[in-house]
1. Report the Cα centroid-to-centroid distance between the stretch 130-201 and the stretch 77-129 in angstrom, as an integer.
2. For the chain, what is the calculated [θ] at 222 nm in deg cm²/dmol (nearest 500), taking -39500 (n - 2.57) for each run of four or more DSSP H residues and dividing by its residue count?
3. Looking at the chain, send over the antiparallel percent of its DSSP beta bridges, to the nearest 5.
4. So what are the three principal axis dimensions of the chain from its Cα atoms, in whole Å, longest to shortest?
5. Would you mind telling me which residue in 200, 138, 229 has the biggest mean-square fluctuation in a Gaussian network model of the chain, where springs connect alpha carbons within a distance under 10 angstrom?
6. For the stretch 141-261, what is Rg from Cα atoms divided by 2.2 N^0.38 Å, rounded to two decimals?
7. Would you mind telling me the antiparallel percentage of the DSSP bridges in the stretch 14-98, rounded to 5?
8. Taking neighbour counts of Cβ atoms within 10 Å as a proxy for exposure, in what order, fewest first, do 243, 159, 252, 172 appear?
Ligand code: PLP
């Protein structure tokens, strides 16, 4: 007999998305960026943490991978609920965790899955070695990979510094077995993304939005793309919508510290009225003697 509190009628209508990624305690990248982005798309996020990082707006100072057995146990428990309809993979954090992710993507091959091959932070800290991602058939399993230019270069061994080289890298990644790729180039003069799925090669260009010191854009783009796939949109539409979402979240980015600004993932929500002003107190002007 089914307990009425667990009956199908009580399930939320929102798609449930699983993110497998690192934890950024400053909330700009990783798991928290993913969960906020899913919420902004009316999706419900569940999360398996691959690694804890020590970081603030000024950079990453340490990375502590989660034990692979624990990661597997968390993912299995979340999948056992039977409601996950899409998977996003971000920072993996090492070989043993890459094997867990590979196993899960192979088992759940019917679900849309986006893999953002996170290798290092913009502040230069290594988050996962490229060899962990290149191990076995991991890159062949997801519906789409979303490397930035540096990641595309590290995975292909090619130089990737402009739109033409992004196209060549996208072709190479598909030749290496990827089902589809979008190489993101948000740091070029125009924000340029190159999509290739083995037949269609398309370049998306948008104005680059200041400020350019934003944190977590890759995580946010790939989780917005996953949310749009979970909502049933075709791949190309999902990419275009994710790009628009990231541009707007960058436009609304705000300073929570002296370093790189986190995007405003929840810019679409109506802001609660402020009851206190938390902006830093103005410094006293120096008095002339
Ligand atoms: N921390 C975590 C957990 C991440 O997943 C990432 C990127 O994916 C970063 C930090 C780095 O983000 P950024 O390069 O935008 O600073």
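Only the coordinates and a few stated rules stand behind these numbers; no lab work does. Keep in mind the model is a prediction, meaning the values are calculated, not measured. Using ideal geometry, Cβ is built from the backbone for each residue, glycine included, and neighbour counts are taken over all protein chains shown.
1. First find each Cα centre; the distance between them is then 17 Å.
2. -10000 deg cm²/dmol
3. The answer is about 50 percent antiparallel.
4. Projected onto the principal axes, the Cα atoms of the chain cover 76, 56, 35 Å.
5. Comparing 200, 138, 229 in the GNM, the peak value goes to 200.
6. With N residues counted in the stretch 141-261, Rg over 2.2 N^0.38 Å equals 1.04.
7. Here the antiparallel bridges make up roughly 35 percent for the stretch 14-98.
8. 159, 252, 172, 243
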